[in-house]
1. Provide the packing ranking of 85-94, 71-80, i.e. peptides ordered by the mean count of other C-beta atoms within 10 Å per residue, highest first.
2. Show which lysines lie in cross-link reach of residue 125 when reach means a straight Cα distance below 24 angstrom and same-chain residues fewer than eight apart are skipped.
3. Report the label-to-label distance for residue 142 and residue 114 in nanometres (one decimal), using points 7 Å from each Cα along the Cα→Cβ vector.
4. Give me a comma-separated list of calculated 3J(HN,Hα) values for the stretch 56-71, in order, Karplus coefficients 6.51, -1.76, 1.60 applied at θ = phi - 60°, integers in Hz, x for any Gly or Pro.
5. Translational diffusion coefficient of the stretch 7-135 at 25 °C, 0.890 mPa s, Stokes-Einstein with Kirkwood Rh over Cα pairs, in µm²/s as a whole number.
6. With an 8 Å cut-off on Cα pairs and a minimum separation of 6 or more residues, tell me the relative contact order of the stretch 7-135 in percent.
7. Go through 51-62, 143-154 and give me the packing order, highest mean Cβ count within 10 Å leading.
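Rule-based calculations on the coordinates, nothing more; no lab input. Remember, it's a predicted structure, so these values are computed and weren't measured experimentally. Ideal geometry is used to build each Cβ from the backbone, glycine not excepted, and the neighbour counts take in all protein chains shown.
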Amino acid sequence: MNWLPENDNGCRRGEYYENLEILRQIDFFSGLDLDVLKILAYLSCRRLYRSGDFIFRRNDDDGQALYLLTGHLQLLDDEHPLLPMIRKYGAGCFLGGLSLLGSMPRLFSLKAVSDCECLTLTREKFAKALEQYPQMMPTVIKKIIERIRAWEQNCLMHTIDREKIQTHCVGVSLL
């Protein structure tokens, strides 16, 4: 595919090439053909969030994945006000990849704790790319499987006392 994006997606030419390079670095998309990555880079949008803005709230099904370019985000558990903050994210984090594949109501809320810029891709736009390149799906599924296994292995490795492993948090790789 030999085309350059126009401005109809709100993406400047320079941003398109930056988006392409970022997508090439994200593990979720690694292994995809360059033509697919070009389409995803074109369909991706940059969004600015101000400190205090919610990117999404618990139970939202916003259908978007994001890559944090600048700033910091907090994952919040709105239902437990005594310990609401679960973790923080900084530049370089990719969040929400599974929501590109289907309905995924959020279990938590995500809030900007500083001004942020994110590269976003919606489920609908991802589906358009998938329609054009259905052969990309096995690669995406493989990456998801690798991430689930790595997450579970990390949980096991960081639990020093095997008797205190939260058994309900392991076994995901058996799904």
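1. Answer by packing, highest mean first, reads 71-80, 85-94.
2. 38, 111, 142, 143
3. 3.7
4. Along the stretch 56-71, the couplings run 7, 10, 3, 6, 5, 10, 6, x, 9, 10, 9, 10, 7, 7, 9, x Hz.
5. On the way: Rh = 15.2 Å.
Value of D from the Cα-based Kirkwood radius: 161 µm²/s.
6. Working: 255 pairs, mean separation 41.6, N = 129.
So the answer I get is 32 percent.
7. 51-62, 143-154
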